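Visitor: Could you have a look at this structure, given as structure tokens, before my questions?
The values are calculated or read from the model by the stated rules, or taken from the named source; none is laboratory data. If you're wondering where the values come from, they're calculated on a predicted model, not measured in any experiment. Cβ: placed from backbone, ideal geometry, glycine included. Neighbour counts: every protein chain shown. These area figures cover heavy atoms from the full protein model, side chains too; ligands, DNA and RNA do not enter into them. Shrake-Rupley method; radii C 1.70, N 1.55, O 1.52, S 1.80 Å.
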Amino acid sequence: DSINGLELLDTSMTTNMGYMFYNTGRNSTTFTLDLSNFDTSNITNMSNMFYYTGGSNPTFTLDVSNFDTRNVTNMSSMFSQTGRKSTTFTLDVSNFDTSNVTNMSAMFNYTGSKNPNFTLDVSGFDTRKVTDMSLMFRGTGIDSTILSLDVSGFNTSNVTNMKNMFEDAAKDNTTFTLDVSNFDTSNVTNMSHMFNQTGFNSTKLNTSITIRNPNITSYDYMFNNVATKEGSQIIVNYTSETSDLVDAMIATKSYNSNVVKGVQVD
């Protein structure tokens, strides 16, 4: 199954593609989607654009490598559960211009969750304007044995919500790594479930995070079942204002989580 005539659409003046392919082909085992001729140069909203698209096709793939996203401000749930049952699903967003995006909530929620070889390159993302990263990588590549997420260059200075950001991500990758040591948490108020079961089976998840905002109000299950294997550890640094808060955050870890208090950084 496919959508006929997409190549005839003139989208050059379109600004909103939110929900455009929402649940499209969800119950089809053969659904395909050809967007090679799409002009997205004026789009500002791509929220939920591919939510559960091709969800039942075991070989579904999606080519958005030619998308012009320079004007997009909303990418929330853009690829949430896209190709969820596909064992071959791939996604190339390495050329995305995200310099104007403010909302990346649930952007890759359970994306590529059934492909054991799923990878995702977000190393070039410009996130300086993003305020919401909640659920951004929740369940991303949960069954992938090779997924890595390079977020070391993320600018999070304006982010207020990191709830469930990495929950269940790369749960089956025994060598999963994650570097959030450069995250600016000055404006974050919600970190609930942020690292819950992230890279659960990894022996190489080693990173630190610095908590700078004493006004973080939500952090339940923040470190539950994370860094559980020998060789993994998360160090939580603090400021003079957040020392007690960090103690409370670390207390949310499970008995097997290697999460420790670090040093004062101010």
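Visitor: In this model, which of Lys85/Lys204; Lys129/Lys204; Lys129/Lys163 are farther than 22 Å apart at the alpha-carbon?
Guide: Violating the 22 Å limit, Cα to Cα: Lys85/Lys204; Lys129/Lys204.
Visitor: Three principal axis extents, largest first, for the C-alpha atoms of the chain, in Å?
Guide: The Cα atoms of the chain stretch 60, 33, 24 Å along their principal axes.
Visitor: Lys/Arg Cβ at +1, Asp/Glu Cβ at -1, dipole of the chain taken about the Cα centre: which of Ile250, Gly54, Asn237 is farthest positive-ward?
Guide: The residue sitting most towards the positive pole is Ile250.
Visitor: Going by average Cβ density within 10 Å per residue, which order do the peptides 131-137, 36-42 take, highest to lowest?
Guide: Result, highest mean first: 131-137, 36-42.
Visitor: Could I ask something else about it? Can you pull the percent of Cα pairs in segment 94-174 with separation above 15 Å?
Guide: 54 percent
Visitor: Hey, another quick one. Got the relative contact order for segment 121-266 handy, in percent, Cα pairs under 8 Å and 6 or more residues apart?
Guide: 19 percent
Visitor: Okay, moving on. Compute the distribution of all C-alpha to C-alpha distances in segment 154-258, in bins of 10 Å from 0, and list the percent of pairs in each, rounded to whole numbers.
Guide: Values per bin, smallest distances first: 17, 52, 27, 3.
Visitor: For segment 1-46, count all C-alpha to C-alpha pairs, find those more than 13 Å apart, and express that count as a whole percent of the total.
Guide: 61 percent
Visitor: Ok, one more. Counting only DSSP beta bridges with both residues in the chain, what percent are antiparallel, rounded to the nearest 5?
Guide: Of the beta bridges lying entirely in the chain, close to 0 percent run antiparallel.
Visitor: Solvent-accessible area of Tyr51, probe 1.4 Å, all protein chains present, reported in Å² to the nearest ten, please.
Guide: 50 Å²
Visitor: Which net charge results for the neighbourhood of Gly54, defined as the other residues with beta-carbon distances under 9 angstrom from its beta-carbon, given Lys and Arg at +1 and Asp and Glu at -1?
Guide: With Lys, Arg at +1 and Asp, Glu at -1, the neighbours total +3.
Visitor: Apply 1/(1 + (r/R0)^6) to the Cβ-Cβ distance of Asp150 and Tyr19, taking R0 = 51 Å, and write down the FRET efficiency to the nearest 0.05.
Guide: With R0 = 51 Å, the Cβ-Cβ based efficiency is 0.95.
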